[in-house]
């Protein structure tokens with residue numbers, strides 16, 4: 001199939017797609033409400049291969065990565081340490097004796113299962129291989145240790161930007177202000193195509209970023225409008241008013257992002273919290 005300028009050739013036996021001459025995408029069989037069609041694992045390079053997000057520790061998925069790699073895998077990158085992106089890294093690293101690149105923060109360690117990072121990546125500092133260089137970009141928001149990776153105009157965004165789905169911002173490791181700032185910061189880089197952790201390539205990256213920011217600020221305005229109409233309110237009562245356009249099935253997840261919005265309003269001195277109820281600062 002053809003997605004804009006990105007050509008994908010599917011192999012049904014292992015859900016593999018060729019994105020470019022130097023990029024392949026392998027989708028793990030862990031599809032669901034939060035993962036869409038599954039977690040995307042990307043293989044970059046030809047002589048050497050770098051892996052981005054080995055995904056969940058599924059035997060078949062790991063075997064497929066190894067088969068495609070064919071002895072050329074030299075580096076494993078993880079965007080963040082959530083369970084649908086990073087657990088396969090340990091198994092793949094042990095099997096192939098190759099290092100894991102990524103980042104672990106104090107708050108991510110409290111949230112996620114531990115993982116050994118062999119090399120901590122640094123913002124804007126290129127990691128070099130024989131036939132490709134990958135630039136890590138620190139994008140906290142969805143997770144404090146979240147990094148996107150830039151290669152040849154392709155931005156691998158993990159859960160920072162997903163195709164067809166809204167990213168959950170779950171405090172305390174998730175932070176709405178950092179998320180919005182990270183989205184704006186991406187505009188500083190030369191990006192032609194977004195390759196998300198879930199879903200298909202996005203060929204108008206800055207249009208997508210602007211749309212995400214606008215969506216989040218529109219949601220924030222709904223929070224402010226509700227607080228203006230009420231003297232004070234608890235978060236459970238506020239939830240269906242702010243997310244009246246979202247199926248109630250998703251409300252237990254939406255409340256996490258709502259809390260992130262409220263924390264942002266408190267940080268910006270626009271709201272207060274007395275331990276039970278939220279109020280607007282006049």
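Bear in mind these aren't lab numbers, they're just calculated from the coordinates by the rules spelled out. Bear in mind that the values here come from a model prediction, so they are computed numbers and not experimental data. Note that we place each Cβ from the backbone using ideal geometry, even for glycine, and neighbour counts take in every protein chain shown.
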> How far is helix 87-96 tilted off the main Cα axis of the chain, in degrees rounded to 10, range 0 to 90?
Replying inline: 20 degrees
>> Can you tell me the orientation of helix 205-229 relative to the chain, as the angle in degrees between its alpha-carbon axis and the longest Cα principal axis, to the nearest 10?
In response: 20 degrees
>> Taking the 0 to 90 degree range and rounding to the nearest ten, how far is the long axis of helix 176-186 tilted relative to the main principal axis of the chain, both from C-alpha atoms?
In response: 50 degrees
>> If I take every Cα pair under 8 Å that is 6 or more residues apart in the range 2-203, average their sequence separation and divide by the length, what percent do I get for the relative contact order?
In response: 16 percent
> When the helix-only estimate is applied to the chain (DSSP H runs of n ≥ 4, each -39,500 (n - 2.57), divided by the residue count), what is the mean residue ellipticity at 222 nm, nearest 500 deg cm²/dmol?
Replying inline: -10000 deg cm²/dmol
>> In whole Å, what are the extents of the range 28-138 along the principal axes defined by its C-alpha atoms, from largest to smallest?
In response: 36, 31, 24
>> I want to check the label-to-label distance for residue 246 and residue 187. Put each point 7 Å from Cα in the C-beta direction and report it in nm to one decimal.
In response: 2.5 nm
> Per Stokes-Einstein, at 10 °C and 1.306 mPa s, what whole-number D in µm² s⁻¹ belongs to the chain, with the Kirkwood radius over Cα pairs as the hydrodynamic radius?
Replying inline: 81 µm²/s
> If each of residue 228 and residue 59 carries a label point 7 Å out from its Cα toward its Cβ, how far apart are those two points in nm?
Replying inline: 5.9 nm
> What are the extents of the Cα atoms of the range 214-280 along their three principal axes, listed from largest to smallest and rounded to whole Å?
Replying inline: 30, 26, 20
>> Translational diffusion coefficient of the range 90-244 at 4 °C, 1.567 mPa s, Stokes-Einstein with Kirkwood Rh over Cα pairs, in µm²/s as a whole number.
In response: 75 µm²/s
>> Quick check: pseudo-label points 7 Å beyond the Cα along Cα→Cβ at residue 276 and residue 207, how many nm apart are they?
In response: 5.0 nm
> Normalised by the number of residues in the range 214-280, what is the relative contact order in percent for Cα pairs under 8 Å and 6+ residues apart?
Replying inline: 40 percent
> Stretched out fully, how many nm does the piece from residue 95 to residue 22 gain, at 0.36 nm a residue minus the Cα gap?
Replying inline: 23.9 nm
> Could you give the distance between the Cα centres of the range 198-250 and the range 99-134, to the whole Å?
Replying inline: 31 Å
>> Could you tell me the calculated FRET efficiency between residue 47 and residue 122, based on Cβ-Cβ distance and R0 = 30 angstrom, to the nearest 0.05?
In response: 0.75
